[in-house]
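The structure under discussion appears below in the form of structure tokens.
The values are calculated or read from the model by the stated rules, or taken from the named source; none is laboratory data. Computed from a predicted model, the values in this text were never measured in an experiment. In this analysis, Cβ positions are derived from the backbone assuming ideal geometry, glycine residues included, and neighbour counts consider all displayed protein chains. Surface areas here come from the heavy atoms of the whole protein model, side chains and all, with no ligands, DNA or RNA. Shrake-Rupley method; radii C 1.70, N 1.55, O 1.52, S 1.80 Å.
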Amino acid sequence: KKCQEYFNLMVNSHHIMPGTEHFNCMVDVLGRAGLLEEAKVLLQSMPIQADTTCWVSLLSSCQTYGEIDLGKRCFNQLLEIDPEYASSYILMYKIYADQDMWDHITKVQELRKSQNCGGTPSCKEHYYKHPYICDNKLHIYANSIEILISLQLTMNKRSWIASSVCNNIRVLTQ
């Protein structure tokens, strides 16, 4: 609330036109506070075009609060602004992973590859607490982890509980 008060004072009382960095800060503060709808409204009403920082900030908050629909909109905006921005893909992976939307993760991964996006290739960390690179098999247990993830995906599709698979992955990566 205090940030909103200062922002409003800046605009209404002191007649200072906020810049991109001011809007970025407000979107970030609102998002961190869980006020995602207010952050979205502010983003849409900005007199200047929102930049990558602003959209990533809101996407990150969507991941924190499990807001899939708004997350998709942020992700699509980021694809229009900068389709090679790796953080967008990773945040979208996390949103889908947190909601057990495994098929969507594959689509985001394919999209990232089609855009020749740099950054972390296919960073998988869905609850496994130990990220590894699967495209070039850097992790010593990459093959085993891939098999276990494939098994978990199959089990999730069939509505089975795969907690033992997650436990095995944790043991392998420690």
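State whether one or more residues within region 87-94 are hydrophobic (A, V, I, L, M, F, W, C), farther than 25 Å from ILE147 by Cα and modelled with pLDDT of 85 or more. Looking for residues that are hydrophobic (A, V, I, L, M, F, W, C), farther than 25 Å from ILE147 by Cα and modelled with pLDDT of 85 or more, one finds none in region 87-94, hence no.
In summary, LYS94 fulfils each of the numbered conditions (1) buried (at least 16 other Cβ atoms within 10 Å of the Cβ); (2) more than 20 Å from GLY31 (Cα to Cα) with the single exception of condition (2). Restricting attention to region 99-118 and to residues that are exposed (fewer than 15 other Cβ atoms within 10 Å of the Cβ) and in a helix (DSSP H, G or I), the residue that is farthest from the chain's Cα centre (by Cα) turns out to be SER114. Selection of first residues in region 1-25 that are free of Cβ contacts under 8 Å to residues at least 40 places away in the same chain and of second residues that are part of a helix (DSSP H, G or I) and not small (Gly, Ala, Ser), restricted to Cβ pairs under 6 Å at least 6 apart or on distinct chains, gives the following pairs, ordered by first then second residue: CYS3/VAL29; PHE7/MET26; ILE16/MET10; ASN24/THR53; ASN24/CYS54. For region 80-89, a residue qualifies if it is part of a helix (DSSP H, G or I) and surrounded by fewer than 19 Cβ atoms within 10 Å (Cβ to Cβ), and the qualifying residues are GLU80, ILE81, ALA86, SER87. Does region 67-74 include one or more residues that are more than 27 Å from GLU5 (Cβ to Cβ), in contact with a Gly (Cβ under 8 Å, 6 or more places away or on another chain) and open to solvent by less than 20 Å² (accessible area, probe 1.4 Å)? No; the residues of region 67-74 include none that is more than 27 Å from GLU5 (Cβ to Cβ), in contact with a Gly (Cβ under 8 Å, 6 or more places away or on another chain) and open to solvent by less than 20 Å² (accessible area, probe 1.4 Å). Which residues, taken from region 19-64, are loosely packed, with under 14 Cβ neighbours inside 10 Å and part of a helix (DSSP H, G or I)? Scanning region 19-64 gives GLU21, GLU37, VAL41, GLN44, SER45.
Each residue in region 67-84 was checked for being over 21 Å from LEU35 (Cα atoms) and out of contact with any helix residue (DSSP H, G or I) (no Cβ under 6 Å at 6 or more places or on another chain), and 4 of them qualify.
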